[in-house]
Amino acid sequence: MQSIFHFAFNVTDLDRARQFYGNVLGCQEGRSTDTWVDFNFVGHQISLHLGQPFVTAATGHVGDKLVPMPHFGLILALADWKAMAERLINAGTQFVLVPQVRFEGQPGEQWTMFFLDPFGNPIEIKGFRDLEAVYAT
């Protein structure tokens, strides 16, 4: 079964959202009204609605790191992940977890980075050499 994932969440300013998701992350804008805007989030649909962003806390234990929960994100091929990391670094992004490799040499080896959008919504971008290894145990 193939599908496109949809995730709707709140932001407080659609113009700032357009700048971040469109210009910084490079997402193509889709439909919109005066209260929400859709983006193509690397093949998936995110819908940003005006409202109060969800509450998060650094409670997720991943390896020896605490990461913000809840969070959402992407899994990319490593070359695409590196390009995204460079794009974010060049944009002056402040990272919660700087771009790095986790679980090196183990099943599930992955590159990861965590950052917040301008509204405090946490995003994780993972990179894998082989996307078949995403579920490796």
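Bear in mind these aren't lab numbers, they're just calculated from the coordinates by the rules spelled out. If you're wondering where the values come from, they're calculated on a predicted model, not measured in any experiment. As a convention, Cβ positions derive from the backbone with ideal geometry for all residues, glycine included, and neighbour counts pool all protein chains shown.
Out of all DSSP beta bridges in the chain, what portion is antiparallel? Express it as a percent rounded to 5.
70
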Report, largest value first, the span of the C-alpha coordinates of the stretch 6-50 along each principal axis, in whole Å. 22, 20, 15
Could you tell me whether the chain comes out rounded, prolate or oblate from its Cα gyration tensor? Rule is a ≥ b ≥ c as square roots of the eigenvalues, rounded for a/c under 1.5, then prolate if a/b exceeds b/c, otherwise oblate. prolate
The exposure ranking of Met1, Met84, fewest beta-carbon neighbours within 10 Å first, is Met1, Met84
The stretch 61-79-the stretch 82-127 distance, computed between alpha-carbon centres (Å): 7
The stretch 1-125: relative contact order in percent, alpha carbon pairs under 8 Å with at least 6 residues between: 22
So the angle from the long Cα axis of helix 78-90 to the longest Cα principal axis of the chain, reported in degrees to the nearest 10, equals 50
Between His6 and Asp64, Cβ-based FRET efficiency (R0 22 Å, step 0.05) works out to 0.10
Please state the charge dipole magnitude for the chain, taken about the Cα centre, from unit charges on C-beta atoms (+1 on K and R, -1 on D and E), reported in debye and rounded to the nearest 20. 80
Integer Hz, Karplus 6.51/-1.76/1.60 couplings in order for the stretch 124-130, x for Gly and Pro: 10, 10, 10, x, 10, 4, 9
